[in-house]
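Here's the structure we're looking at; comments come further down.
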């Protein structure tokens, strides 16, 4: 009995693979969509385009990083990016305490960390990987009128659990990968919403240890409810191109 256990322990390292990889690059991202904030939970929200009302929407450069650990069947992946943007717009309606029609200055910031734990199911060059993930958001939006009388400051920090699915087609030395995450949040504490996170990348491996990649990231967040007594409604999209490289250890 002891001999059998010893043989099993000695065999485990040979059956288990561990291949870490590290990628870094540049992302060109933009925010788009509508947002509304109305004082009072019983008020009717009026959605306003973030481009015209807040002066946001231009592409902004942002650092991007990705760390993956391939354990053979399960694969743990963590990626992150962050960007900031300032703008000047004109409100079409009241935005909380800021009166409609006012010229406003806005500051938008977003940091995102995504982690996924997927299980590879391979068939030839095609691999399908279902699993679970989490998207953590640190989002900030400050809107103030041009004369400095009124302002609104929205801060959102929240982890969102995801159902994830990844499909990869490996035609060595080229690999095409698409990964998506989704969650629909029922009404909890007067807030409900729907969230999508989709990323597609094309990778080229000039050597066994070097990767070059280009891709596209699309994030969609639809949420409405009541926060601190104020009604809000938002349909935001953050999207853009990714490019960079990495190494496999």
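The values are calculated or read from the model by the stated rules, or taken from the named source; none is laboratory data. What you see is a predicted model; the values in this text were computed from it and never measured. We place every Cβ from the backbone using ideal geometry, glycine too, and count neighbours over all the protein chains shown.
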Exercise. Give the residues of the stretch 210-231 that are buried (at least 19 other Cβ atoms within 10 Å of the Cβ), more than 19 Å from residue 176 (Cα to Cα) and at pLDDT 90 or above, sorted by residue number.
Key: 219, 221
Self-check item: Residue ID - farthest from the chain's Cα centre (by Cα), chosen from residues in the stretch 41-61 that are in contact (Cβ under 8 Å) with a residue 60 or more places away in the chain and crowded, with 20+ Cβ neighbours inside 10 Å
Solution: 54
Practice problem: Return the pairs, sorted by first residue and then second, in which the second residue is loosely packed, with under 15 Cβ neighbours inside 10 Å and assigned to a strand (DSSP E or B), the first residue lies in the stretch 68-82 and is on the phi > 0 side of the Ramachandran plot, the beta carbons are less than 9 Å apart, and the residues are 6+ apart or on different chains. | Solution: 72/19
Quiz item: Hey, any hits in the stretch 202-209 for a residue that's buried (at least 16 other Cβ atoms within 10 Å of the Cβ), under 22 Å from the mean Cα position of the chain (by Cα) and under 30 Å from residue 126 (Cα atoms)?
Solution: yes
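Starting from residues that are part of a strand (DSSP E or B) and out of contact with any strand residue (DSSP E or B) (no Cβ under 6 Å at 6 or more places or on another chain), keep the ones in the stretch 116-145 and report whichever is farthest from residue 50 (Cα to Cα).
Selected residue: 123.
Restricted to the stretch 1-35, and to residues that are modelled with pLDDT under 90 and under 31 Å from the mean Cα position of the chain (by Cα), which residue is farthest from residue 106 (Cα to Cα)?
16
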